[in-house]
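Below: one structure, written as structure tokens.
The values are calculated or read from the model by the stated rules, or taken from the named source; none is laboratory data. Predicted model only: the values in this text are computed from it and were never measured. With ideal geometry, Cβ positions are generated from the backbone for all residues, glycine too; neighbour counts draw on all protein chains shown.
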Amino acid sequence: MKKIYFLILICYSLGIAQNPNREYISHDEKNHQLLVDTNEGQYIFKFYTEDILETSFIPKGEASKPNSHAVVLKPDLVETTLTETEGDILYKSSGIVLTVKTSPFKISYSYKGKELISEKEGYYKSKHQVMDMVKVNIVADTTEKIAFNLTNDEVLYGGGARALGMNRRGYRLPLFNRAHYGYETYSKLMNFTLPIVVSSKQYMIHFDNAPVGYLDLDSQNNNTLIYETISGKKTYQIIAGESWENIIDNYTDLTGKQPMPPRWALGNFASRFGYHSQDEVLETISDYKKEDIPVDAIILDLYWFGKDIKGHMGNLAFEKDSFPTPRRMIKKLKAQNVETILITEPFVLTSSKRWDEAIKNNALALDSISKPARYDFYFGNTGIIDVYKKEGYEWFKNIYKNLSNMGVNGFWGDLGEPEVHPNWVQHATGSAAEVHNIYGHDWSRLVFEASLEAKPNRRPFVLMRAGYSGSQRYGMIPWSGDVNRTWGGLQSQPEIALQMGIQGLGYMHSDLGGFAGANLDDELYVRWLQYGTFQPIYRPHAQEEVPSEPVYRSEDAKSKAKSAIKLRYQLLPYNYNSAFINNQKGTPLMRPLFFEEPEKHLKNANTYLWGNDFLVTPVLKQGQTDVEVTFPSTSDWFNFYTDKKIEGGQTKTFKTDPNHIPTYVRAGALVLMSPPFDNTTSYQGKSLILHYYHDDAIEENERKYYNDDGRTFQAYEKDNYEILEFEAETEGRWLEIEFEAETGEKFEEHTKTILLKVHNIDRRPKKIKVNRKKVKIQYQNNILSIPLEWNTSKELKVRIRK
């Protein structure tokens, strides 16, 4: 017993110090970088900003590898100080402080006086501990590792899309993108495996290396974080900030901001696996119109290029028997303000119509003897397009450009993990294992660039099943893969979307209703679509045994789904502004509760924030009659449907309502909505409803709402936008609400019709003036309604005598 105790003490003491064999030799500051030489190699430290510090270790005998697939930010000339105190080297910005202890050697990081993390062993090599689930995918005798010290109380997020619960500490997670068909409440490995760790101590680590490997989030319960890879760079960035919004802003500065999506992307999609013919596509949209259910786009799965599931992948051209006049079909859809989106894959089957063309154009990845790599998978015998080879990149890009010129306005990239990607396949820049996790990322870049080259002023739409850190800068719209059409499948969705949002990919969403399995459950379907109202992309999708489209469900399910979809459209001004905030700051549309209270709710994915002002709790269990809602103490909250006020700082249980899920609005919020409309093309932002949730405890509040034409690429940068500013202020017995507008030079100003609805007014006001003139009002159920005409070139003031 004593021997065991002694061994534990030795292991613990070694764990606290850095690699005991690493010895400090010297240091120097050159070209705005700190260089620290050791007996085993050189550290290079450089600041991108005062809140982002990069660390690279170059082992002896290796060369620096400066290229990055993720990082796009150019280092600023950050003001730094370099000091030495009693064997400690301190390299400081105004935010992050790097401390290098020379003996025993140790590296640690802090931020504005708060300790963040320290290297434990730093970089080292050791035997590869193979995980069975990836034993044929991650193949190496030894792996390269970087180890860090954690504190006992840290909650860890990150690693991409998984279904594990919000706290991912305790897991060793493979970094190998792979689809998980039919997953439910647990999935350790999915389509997006990002080399990112986010800590409840409010810092991020991004491991800037593409090849496959692992993230060990303290799986041995010894306060150790380990990044592990088969090869590549030994580089990571520490990202800090004063708030969660600030941290994500910094990270998305580092890896790129998400462009504004086209406005129609925030509408409703018609989608299934799949539409077999041109007639079926047109009939489906006709049925939406007949049922008065708004729809903005239809997605064509793989039958657009082949009559069968197998044998046709790689055709990438309309099947003439089933789709005889695709241009006419696309034109007819466009006349109804419905966009056409096509599925594509990176595989070209040997049986496809383009196999010979792909060979001739040298577009495919190769085998070990420089022949086109061929292998079998579910869809047939195939090759894979090499997007890292100029010939492959241009050949594939031209296909997308030609489809764009036909009128296709969006592309779906499926199987882009890639789904089957043998290690022996060679790409122009390295082996399959070296590019596997970034293949979807670079494919997204190709689609994004092709879309812009075909239509330079039109915003691309890029729906992808796999990606990498930084993929958001290519407009990537990720989704959570082939989830089971069960209650378990629904239960994992909020967690996945919230996790991906804090890792930069703010449009993560699910196949509404669930994808896999012939489960006809109207209750599940309705609850999933009600959740979808407050999810970044509204896209019901499923295998065709059970219809995904609300127009083909029971009358009750159809009616409830229709209500959820109509509300989604009424929220468009609010949602579009949330998209703009994401574009400017990286802030996700779905936000965990710890954004409100950083010390609380660290593991809660059941209640979340939709944008800044909505608090949402999905109904996730069959037959659920009660639901628990957590209310942050930072505000009081109003029931969106009843206006009942709930005091913040408590968790309460409510009876469920079959017609909607629990939804609350922040007290003092100014929420901009729209009257009902049937398509985003008809939305011009000229007729609006402004809801003010008045609270006597809040003396002053304001909100800004962004608007543009909804389609022009970089409209804000091109000065073609408006920002509507609303401010509410209470002075004594008077409530004053001011309207102002900031308008870009190229944006056409116009008069708006606005219905101002002031909630929580407990008696009919004595006097109301609009720009000093009396107006007629309606007052009912503690809601004051005031119709307004507003010329946005001028200020408008509404004064209410309470």
Flag if residue 226 is among the aliphatic types (A, V, I, L, M), at negative phi and in a helix (DSSP H, G or I): no
Residue that is farthest from residue 574 (Cα to Cα), among those in the range 633-681 that are in contact with a Gly (Cβ under 9 Å, 6 or more places away or on another chain) and among the small types (Gly, Ala, Ser): 633
All strands (runs of 3 or more DSSP E) inside the range 64-136 with 1 or more residues being in contact with a Leu (Cβ under 6 Å, 6 or more places away or on another chain) and loosely packed, with under 15 Cβ neighbours inside 10 Å: 81-85
Which listed residue, of 423, 398, is polar (S, T, N, Q), at pLDDT 95 or above, more than 18 Å from residue 354 (Cα to Cα) and not in a strand (DSSP E or B): 423
Positions within the range 656-671 being in a strand (DSSP E or B), more than 20 Å from residue 759 (Cα to Cα) and not acidic (Asp, Glu), in sequence order: 660
The listed residue being of a type outside the set (Gly, Ala, Ser), closer than 28 Å to residue 751 by Cα, assigned to a loop (DSSP other than H, G, I, E, B) and at pLDDT below 95, out of 696, 678: 678
Criterion violated by residue 651 - all others in (1) among the hydroxyl-bearing types (Ser, Thr, Tyr); (2) assigned to a strand (DSSP E or B); (3) farther than 18 Å from residue 596 by Cβ satisfied: (3)
Pairs with Cβ under 6 Å, 6+ apart, first in the range 183-211 and among the acidic types (Asp, Glu), second in a strand (DSSP E or B): 184/484; 208/235
Selection count where residues are crowded, with 19+ Cβ neighbours inside 10 Å, farther than 30 Å from residue 678 by Cβ, touching a Phe, Trp or Tyr at 6+ places or on another chain (Cβ under 7 Å) and small (Gly, Ala, Ser), scope the range 297-317: 1
Single match in 226, 238, 247 (criterion: modelled with pLDDT of 95 or more and in contact with a Leu (Cβ under 6 Å, 6 or more places away or on another chain)): 238
Count - residues of the range 529-560 that are without any contact (Cβ under 8 Å) to a residue 40 or more places away in the chain and of a type in the set (Gly, Ala, Ser): 4
Residue pairs meeting the criteria (Cβ under 8 Å; at least 6 apart or on separate chains; first over 14 Å from residue 399 (Cα atoms) and modelled with pLDDT of 95 or more, in the range 351-365; second in a helix (DSSP H, G or I) and among the acidic types (Asp, Glu)): 362/391
Matching residues in the range 657-673 - criterion: being polar (S, T, N, Q) and surrounded by fewer than 18 Cβ atoms within 10 Å (Cβ to Cβ): 659
Matching residues in the range 681-736 - criterion: being under 28 Å from residue 761 (Cα atoms) and touching a Pro at 6+ places or on another chain (Cβ under 8 Å): 685, 687, 688, 689, 705
Of all residues making up the range 369-394, the number that are surrounded by 17 or more Cβ atoms within 10 Å (Cβ to Cβ), over 11 Å from residue 350 (Cα atoms) and of a type outside the set (A, V, I, L, M, F, W, C): 5
Test: residue 341 is free of Cβ contacts under 8 Å to residues at least 60 places away in the same chain and at negative phi: no
In the range 704-729, residue surrounded by the most Cβ atoms within 10 Å (Cβ to Cβ) [restricted to those that are free of Cβ contacts under 8 Å to residues at least 60 places away in the same chain and assigned to a strand (DSSP E or B)]: 726
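Residue-by-condition table, conditions (1) more than 22 Å from residue 513 (Cα to Cα); (2) of a type in the set (A, V, I, L, M); (3) in a loop (DSSP other than H, G, I, E, B):
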{"site": "566", "(1), (2), (3)": "no, no, no"}
{"site": "575", "(1), (2), (3)": "no, no, no"}
{"site": "578", "(1), (2), (3)": "yes, no, no"}
{"site": "609", "(1), (2), (3)": "no, yes, no"}
{"site": "622", "(1), (2), (3)": "no, no, yes"}
{"site": "628", "(1), (2), (3)": "yes, no, no"}
Pair list, Cβ under 8 Å, 6 or more apart: the range 110-123 residue closer than 15 Å to residue 236 by Cβ, other residue part of a strand (DSSP E or B) and among the charged types (D, E, K, R): 118/106; 119/106; 121/145; 123/144; 123/145
Residues that are at pLDDT below 95, closer than 21 Å to residue 725 by Cβ, over 37 Å from the mean Cα position of the chain (by Cα) and loosely packed, with under 12 Cβ neighbours inside 10 Å, drawn from the range 742-793: 772
Residue count, the range 271-290 (criterion: crowded, with 17+ Cβ neighbours inside 10 Å and charged (D, E, K, R)): 1
Residues of the range 24-45 satisfying the condition of being hydrophobic (A, V, I, L, M, F, W, C) and surrounded by 17 or more Cβ atoms within 10 Å (Cβ to Cβ): 34, 36, 44, 45
